[in-house]
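Below is one structure, written out as structure tokens; comments come after it.
Bear in mind these aren't lab numbers, they're just calculated from the coordinates by the rules spelled out. All values reported here derive from a predicted model rather than from experimental measurement. FYI the Cβ positions are ideal-geometry reconstructions off the backbone, even for glycines, and counts take in every protein chain you see.
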């Protein structure tokens, strides 16, 4: 990929990624607030301002590395804080809070697809940006439905499992996170070294 392609890749991917992440995290906080937990609102996280949701590693460093390598952007935001014990019906409401993020991404993808299909926008750069935004929203929504902690799918599964099984599943989260982080870092280093040599 030449320098011009990398620059275009950066300007299409990173803003689209930030928009998709912001929509995703806002939806979690919005539904949690509606169901009784105002933690996100009190902490200033119930906002469409992407700066409130940025994780330095997951939202900046990892996506920048992937974009510069010519790959589709991937990463994570700072999770919106949710105190499930504040919810009106914690076990059931956990499912709705978990579903909110992916659902918001799918709605955003549908709106983007509708705009593209109606051909209201003719500018090629805007069309390319919207196409990237569509793809990222779909990928982010589907990926987060995987039932592996700390992804949203695990919250949905915890809400569906019997209490004892859900508690045991929840206890595995720190170990799963560390394992996934290690695998992710190793894969990035491997790709970086492979390109260097």
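Key figures for this structure:
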| read-out | value |
| --- | --- |
| Two-site FRET efficiency, residue 173 against residue 113, from Cβ-Cβ distance with R₀ of 30 Å, rounded to 0.05 | 0.35 |
| Residue 89 versus residue 148: modelled label distance in nm, points set 7 Å from Cα along the beta carbon direction | 3.2 nm |
| Per-pair calculated FRET efficiency, R0 = 30 Å: residue 126 and residue 61 via Cβ, rounded to 0.05 | 0.60 |
| Contour excess over end-to-end distance, with Cα ends at residue 106 and residue 41 and 0.36 nm allotted per residue | 21.1 nm |
| Extension reserve of the residue 160-residue 34 stretch, reckoned as 0.36 nm per residue once the Cα distance is removed | 43.3 nm |
